[in-house]
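Reading through the structure tokens given below for one structure.
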Amino acid sequence: MRTRLGGGLAGNNGLKSIKRELGGADFMRVRIGVGRPDSTDPEIVAAYVLGRFQESEAEVARLRRPWP
């Protein structure tokens, strides 16, 4: 997980909409990722990213934080 203030829009229409509504691109962003396997093979990477969690349900639940 990464957070940052501002940045480019990279052609993302959702970010363009937020920029338009807020009047600028200086808003906090949160990026959440699932990691990546030690491979450049697109099929292996896709299977990893789209696959089921390998962690136990208890481990995943421990990472959850309640929203305010």
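The values are calculated or read from the model by the stated rules, or taken from the named source; none is laboratory data. Just so we're clear, the structure is a prediction, and the values are computed from it rather than from any experiment. Cβ sites come from the backbone with ideal geometry, for glycine too, and all protein chains shown count toward neighbours. With ligands, DNA and RNA removed, areas are computed over all heavy atoms of the protein, side chains included. Shrake-Rupley method; radii C 1.70, N 1.55, O 1.52, S 1.80 Å.
One table, with the values for the structure above:
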read-out	value
Enumeration of residues in region 43-60 that are open to solvent by 100 Å² or more (accessible area, probe 1.4 Å) and at pLDDT 90 or above	E43, L50
Whichever residue in region 19-36 is part of a loop (DSSP other than H, G, I, E, B) and modelled with pLDDT of 90 or more and, among such residues, is farthest from M1 (Cα to Cα)	G23
Filter pass, L63 being open to solvent by 90 Å² or more (accessible area, probe 1.4 Å) and on the phi < 0 side of the Ramachandran plot	yes
Hey, I32 aliphatic (A, V, I, L, M) and within 30 Å of R52 (Cβ to Cβ) or not	yes
